[in-house]
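The values are calculated or read from the model by the stated rules, or taken from the named source; none is laboratory data. Just so it is clear, the model here is predicted, and its values are computed rather than measured. For neighbour counting, all protein chains shown are included, and Cβ atoms are generated from backbone atoms with ideal geometry for every residue, glycine included.
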């Protein structure tokens, strides 16, 4: 790890001085300590729920699993949202459930996607995945107009998670960054954004239909 540059150190000093004007140093430190403790307790709770409930036996612990957990604990320390941390643990549990082994490379790829998701995007992704699974496998690619309309009704009209259909479409459009969606016919409209082949593994590992 390289030492901080003089410019970085100066910027950090200015930042803490600015914070100190509003919040006394001791108060700030106490608040930060309490925040970290709260995050650690919440992370412990979801660890117990997702992993500590017998999903993985002590004799199954190996270096690959420890590599996954090291990545997860770093996410905890960085303040990743609880919902995202839970999905990251579901990758661990899903790999073991499906393959009886742990794949650090896949875990890294999936967690990079998961960390970037907002709460709304998680719910939208899970809702679309449930609708997609409910369609007969040989008809899924032709059912997207219906899948999108059902998602719009549930998330805009019923649950009010999105303010409007345009708001939902904006979130859907943003999800293209994950590589889990592609646009049919190179035209963006409701129903034209569909899952890519990557959703098969991603959805199965995460049990994505149960994430909302």
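Conditions: (1) at pLDDT below 95; (2) under 30 Å from residue 153 (Cα atoms); (3) buried (at least 18 other Cβ atoms within 10 Å of the Cβ). Residue 50 meets all but one. Number of the miss?
Condition (2) is where residue 50 drops out.
Can you find even one residue in region 76-83 that is part of a helix (DSSP H, G or I) and surrounded by 18 or more Cβ atoms within 10 Å (Cβ to Cβ)?
yes
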